[in-house]
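The values are calculated or read from the model by the stated rules, or taken from the named source; none is laboratory data. From a predicted model like this one, the values you see are computed outputs, not experimental measurements. Note: ideal-geometry Cβ built from the backbone for every residue, glycine included; neighbour counts use all protein chains shown.
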Amino acid sequence: MTNNTVTEFSRKIPISGSYDVIVAGGGIAGIAAAIASARNGAKTLIIERYGFLGGTIVSCPMPVIGGYNPEVHTGIMTEIIELLRQRNGISREFHNEVIGGQMIEVRLDILKETAVEMILEAGGDILFHTWIAGALVENRQITGIIIESKSGRQALLAKVLVDATGDGDIAAFAGTSFEVGRKEDGKTQAMTLYGPIMDEVDINKLLEFIRNYRKMHPEEILEFIDEKNVFAMSGFAGMIEKARREGALKLAYNTIWLNGKKDEGWAELSGSFVPDVSGTDVKDLTKAEIDSIRQISSMVSFVRKYVPGFENARRRDRGSVGIGVRETRRIIGKYVLTQEDLVKQRTFPDVAARNSTAIDIHTPEGKQNWVRLKSYDIPYRCLLSQDIDNLLTAGRCISVTHEALASVRFIPPCAATGEASGTAAALAVKMGVLPKNIDILQLQKSLKTV
Ligand SMILES: Cc1cc2nc3c(=O)[nH]c(=O)nc-3n(C[C@H](O)[C@H](O)[C@H](O)COP(=O)(O)OP(=O)(O)OC[C@H]3O[C@@H](n4cnc5c(N)ncnc54)[C@H](O)[C@@H]3O)c2cc1C
């Protein structure tokens, strides 16, 4: 042992499998990547640290596919939504003008089942309860990864890897370059633990209060959807600020989101924010869990005492896994997509995915900045690591700026980049070339982006 380090002695570990394509991470990006890779004939394995697929959607839980636009988000995202519809797996749906598409609330049990079935039907393998803990790198290529699980420490070999860990863990283990946060100070969007959901709410009373509040303080209401059976609204800065000053509410910011279903008598609140923490630092993650639990608990007491309609409401047990992380590493690829590219709808000859969800930044200072967008291109080069030749990225960790990430982090674009990377990985294996050398036109024809 020296100062603050110990030496971990080298040891021989078993190779537990060998694959054409390994997809790291079972969130929406990994699900789409694994389905696409397996459907395109590659021997594919998806590895997930938890015992279910869905990632943030399930673990946060954040069950709302946001800004879905069927003309833009074709492919596996649309397929999943259609299957969920057939299986009664959609509980709510409404249009959100700000985000720029449909908000589709999914039933998590059905989503988990559907994702597993789609991967297995495509011929892919799944490995749950397994942490990826390292990458074996030789001559700019990852030859395999190190995994840790109840079965011990093992290695898995692959020809091509898709990093869909959200945090770019594989890329970081392999020593690739990445960026985090805003250009000026490296700060990322705040983390949020979703909820609470309150049952037995007097919805008529609550909505009457909110409609009056809106008339009196129109500048405070940022979003207002009040449809036949659903409602979704956000803001209430004055009320929150006052409650915070008086010690009745322990939130970091002055915004609460409120949504629910009128005929079912429930309302979901969301307003826990933990700024200035890193999603790749376990002490910060622990702090974020504790802070957000406290914020949620204070929201429950606050609404019961001060907000009409919640007097007799009961808090629903959500059994969530943990804090929702919006932003961590962005792996530097062969192109870095910018806000200007999105706003100007710049076209790219190697377009591999399309998206139209708004830029939605929860600033570390507590503001929410939106930029509405029309359909834009995500080039294939944003999915190719600039340092490791057999590594593709998908989902939240692709090569974009802080601002562009705030749009590509939505669920539909994560599925689209997952599908593109999975398809490209399988094509590379089939052609016996590196992902950067695949036939782009063939990829695009397969993805229907041309
Ligand atoms: C609070 C919050 C609210 C949001 N609201 C919305 C919304 O309303 N609508 C919307 O469309 N999007 C929303 N988003 C964004 C969206 O949910 C995510 O950006 C998206 O789901 C990310 O998908 P992903 O597959 O890239 O990553 P993730 O969902 O993070 O998936 C990564 C997976 O990899 C696994 N993993 C990570 N590291 C390892 C490792 N080392 N070994 C093994 N497994 C690993 C994780 O367990 C996880 O399952 C929200 C996000 C947050 C945090």
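Scanning region 362-380 for residues that are at pLDDT below 95 and not in a loop (DSSP other than H, G, I, E, B), we see that the one that is surrounded by the fewest Cβ atoms within 10 Å (Cβ to Cβ) is ASN369. Which of the residues spanning region 81-93 are at pLDDT 90 or above and not in a loop (DSSP other than H, G, I, E, B)? Listed by number, the residues that qualify are ILE81, GLU82, LEU83, LEU84, ARG85, GLN86, ILE90, SER91, GLU93.
For ILE90, indicate whether it is assigned by TED's automatic domain parsing to the domain that holds SER37 and in contact (Cβ under 8 Å) with a residue 24 or more places away in the chain.
no
Summed over region 1-49, residues that are in a loop (DSSP other than H, G, I, E, B), buried (at least 17 other Cβ atoms within 10 Å of the Cβ) and more than 14 Å from the chain's Cα centre (by Cα) total 5. Going residue by residue through region 40-48, is there one that turns out to be within 15 Å of the ligand (Cβ to nearest atom) and under 25 Å from VAL230 (Cβ atoms)? Checked against the condition, which is being within 15 Å of the ligand (Cβ to nearest atom) and under 25 Å from VAL230 (Cβ atoms), region 40-48 yields no hits at all.
Only strands (runs of 3 or more DSSP E) whose full extent lies in region 133-202 are considered here, and none of them has at least 3 residues that are more than 22 Å from VAL400 (Cα to Cα), within 14 Å of the ligand (Cβ to nearest atom) and among the charged types (D, E, K, R). For region 244-303, a residue qualifies if it is of a type in the set (Val, Ile, Thr) and more than 22 Å from the chain's Cα centre (by Cα), and the qualifying residues are VAL300, VAL303.
Residue under question is PRO196, and the condition is that it be touching a residue at least 24 places away in the same chain (Cβ under 8 Å) and closer than 20 Å to LYS367 by Cβ; does it hold?
Numbers: touching a residue at least 24 places away in the same chain (Cβ under 8 Å): yes; closer than 20 Å to LYS367 by Cβ: no.
Judged against the criteria, PRO196 is not a match.
For the structure I just gave you, tell me whether ARG153 is in the same structural domain as PHE302 (by TED's automatic domain parsing) and either at pLDDT 95 or above or out of contact with any Lys or Arg (no Cβ under 7 Å at 6 or more places or on another chain) (or both). In short, no. Of all the listed residues (MET191, MET233, MET216), the sole one being aliphatic (A, V, I, L, M) and surrounded by fewer than 18 Cβ atoms within 10 Å (Cβ to Cβ) is MET216. Restricting to region 59-74, name every residue that is more than 14 Å from GLN102 (Cα to Cα) and near the ligand (Cβ under 8 Å from one of its atoms). If the condition is that a residue be more than 14 Å from GLN102 (Cα to Cα) and near the ligand (Cβ under 8 Å from one of its atoms), then SER59, CYS60, MET62 are the ones that fit. Residue count for region 280-337 satisfying the condition of being more than 16 Å from the ligand (Cβ to nearest atom), surrounded by fewer than 17 Cβ atoms within 10 Å (Cβ to Cβ) and among the β-branched types (Val, Ile, Thr): 2. Pairs meeting the criteria (first residue in region 375-403 and touching a residue at least 24 places away in the same chain (Cβ under 8 Å) and of a type in the set (Asp, Glu), second residue more than 16 Å from the ligand (Cβ to nearest atom) and part of a helix (DSSP H, G or I), beta carbons under 7 Å, at least 6 apart or on different chains) are ASP389/LYS436; GLU403/GLN339. In region 394-450, counting only helices (runs of 4 or more DSSP H) that sit wholly within it, the ones holding 2 or more residues that are closer than 18 Å to GLY30 by Cβ span 402-408, 411-431.
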